[in-house]
Structures are given as structure tokens and as C-alpha cells.
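No lab work stands behind these numbers, since they all come straight from the coordinates. Bear in mind the structure is a predicted one, so any value in this text is a computation, not a measurement. Ideal geometry is used to build each Cβ from the backbone, glycine not excepted, and the neighbour counts take in all protein chains shown.
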Amino acid sequence: MAASVETVSAHNAGAIRGASILPPSASEMLGRRTTRLPAHLVAAVGCHGGAGVSTLAAQLEHVGDSGQLWPGRADEPPFAVLVARESARGLAAASLAARQYATNNAPAHVQLLGLVLVAGRKGKPTARLRRDRELLVGSGLFAHVWHVAWHDFLVDTPLNELPSTGPDPAPAARRTDPRTVVAPDIAAVGQGLRDAAVAVMSGDAGTTP
């Protein structure tokens, strides 16, 4: 199943930057990373511990693991994506990180491409969680929101044993082996991140906050 992606309108995304958004308190803000990452196009930034950043970066060759830190080096690509679990804690943390960015409290060179929401458990989220997710997605804080389903294999497998793919994976077969092929929804996130970064570089990114 391909990852779903939601895109806000250019009007909403443009309006949110500079709108009356309160910044998080200093203790709630993510810090800045100054160490260099291996070659990457997009830095994955965890909104909280356990968001799934390391797993995402292990499976997508063009995504770097920035931990819970904004990329702070101007000599690296400026693109970042926030990552959060689809849980009460994760959604709240994603809102704080987005508000930090929207109020110019993240590094000035960073271009936030959107948010990756990773399922927090098997099965459907509760009605309350769906409501909170819809409020966050509809807030206009993110130009794109990607969703990654729950994968048992990822819970059971060490990072160094996970398969990886670039931004143009081979078409998924009807049945795939998770030991050798990245799940289609995660591969689709990689493609979406690449496309969003290319749109920014080409000046065709009207929906980027």
C-alpha cells in the first residue's frame, strides 16, 4: 500500500508563516545539530524520542538521521522533514516543532518539507487520536504530511539488517519480502521527499511554509 500524502493549499501554507502563532517555550524547542551527517538530501528530525527517525533514515538512502535536532550546518542540504509517532505525545510534539519553525526559531537556512506520521500501534487509531491528527494536518503548519503504517518487521529487525532504497525504487511486486525490499509506503515517502525538495530548488514550491 502506498503512503498517503496530504498537501495544504498554497493560500493556507503561505498564510501560516507570519500568522499569529505562539512559539514554544525555550525548554520545548528542538536544538540544533552541528555535527556532519553522511551524504543526504533530506534530514529527518524527530519531534520526540522513538519517533522512527533512525529506521526511516536506514531505509531511505537520501535521508539523514538528525536525531531530535534541526540541521544546523549551512554547508549541508537545507531540507528537513519532521517525524512523529501517531500518538497523543507524538502529535503534540509535532505541533511544537512546527510552531518553532513557523515562528523563525529554527535555523534560518532550513527548508521544512513537511511531516511524516508513523503509526504508533497496530490497527485503527481511536476517535480522539483521529480528531487530533486531523486538527494538526489541517492546521496549515505543514505543506505535506506523509503517513507510514505499522510494520511488525521493523520492530523485530536491527537497523543494520534493514533493506534500503533510493528515491526511485523499483515498482513493488504483489508480494514482497521485507528482508530485502523496503515497504511500499516507506519507499513512497522517500519519493515524496525527493520530489518536494526538487520543487523547492526549482522554485515551484508554493505550498512550502
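Quote the charge dipole size of the chain about the Cα centre in Debye, to the nearest 20; the model charges only the Cβ of Lys and Arg (+1) and of Asp and Glu (-1).
In debye, rounded to 20, the chain gives about 580.
Give me the angle, in degrees from 0 to 90, between the Cα long axis of helix 184-201 and the longest principal axis of the Cα atoms of the chain, rounded to the nearest 10.
Orientation of helix 184-201: about 40 degrees from the principal axis.
Just to confirm the filter: which trypsin sites (Lys or Arg not before Pro) across the range 102-162 are DSSP coil and have at most 13 other Cβ within 10 angstrom of their Cβ?
Those that pass, being in a loop and sparsely packed, are ARG121, LYS122.
With axes computed from alpha carbons, what is the tilt in degrees of helix 88-102 against the longest principal axis of the chain, rounded to the nearest 10 within 0 to 90?
The angle comes out near 50 degrees.
Which of VAL145, VAL116, VAL181 moves most in a GNM of the chain, Cα contacts under 10 Å?
Ranking VAL145, VAL116, VAL181 by mean-square fluctuation puts VAL181 first.
Over the chain, what is the percentage of antiparallel beta bridges among all DSSP beta bridges, to the nearest 5?
Rounded to the nearest five, the antiparallel share is 10 percent.
When the chain is modelled as a GNM with alpha-carbon springs shorter than 10 Å, which of LEU41, LEU159, LEU136 fluctuates the most?
Among LEU41, LEU159, LEU136, the largest mean-square fluctuation in the Gaussian network model of the chain belongs to LEU159.
With +1 on the Cβ of every Lys and Arg and -1 on the Cβ of every Asp and Glu, and nothing else charged, how large is the dipole of the range 91-169 about its Cα centre, in debye rounded to the nearest 20?
Its charge dipole is roughly 500 debye.
Which residue, SER95, SER25, SER66, tops the fluctuation ranking in a GNM of the chain built on C-alpha contacts under 10 Å?
Largest GNM mean-square fluctuation: SER25.
Tally Lys/Arg at +1 and Asp/Glu at -1 over every other residue whose Cβ is under 12 Å from the Cβ of GLY52; what's the total?
Around GLY52, the surrounding residues sum to -1.
Please give the length that would be gained between THR176 and LEU159 if that part of the chain were fully extended, namely 0.36 nm times their separation in residues minus their C-alpha to C-alpha distance (nm, one decimal).
Between THR176 and LEU159, full extension yields 4.2 nm more.
Considering the dipole of the range 134-196 built from charges on the beta carbon (Lys and Arg +1, Asp and Glu -1) around the Cα centre, which of GLY138, HIS151, THR176 is farthest to its positive end?
THR176
To the nearest 10 degrees, how steep is helix 127-137 against the longest Cα principal axis of the chain, on a 0 to 90 scale?
60
Using just the Cα positions, wrap the range 38-97 in a convex hull and report its mean projected area in square nanometres, one decimal place.
About 3.8 nm², averaged over all directions.
Averaging sequence separations of C-alpha pairs under 8 Å and six or more residues apart, then dividing by the length of the chain, give the relative contact order as a whole percent.
This gives 29 percent for the chain.
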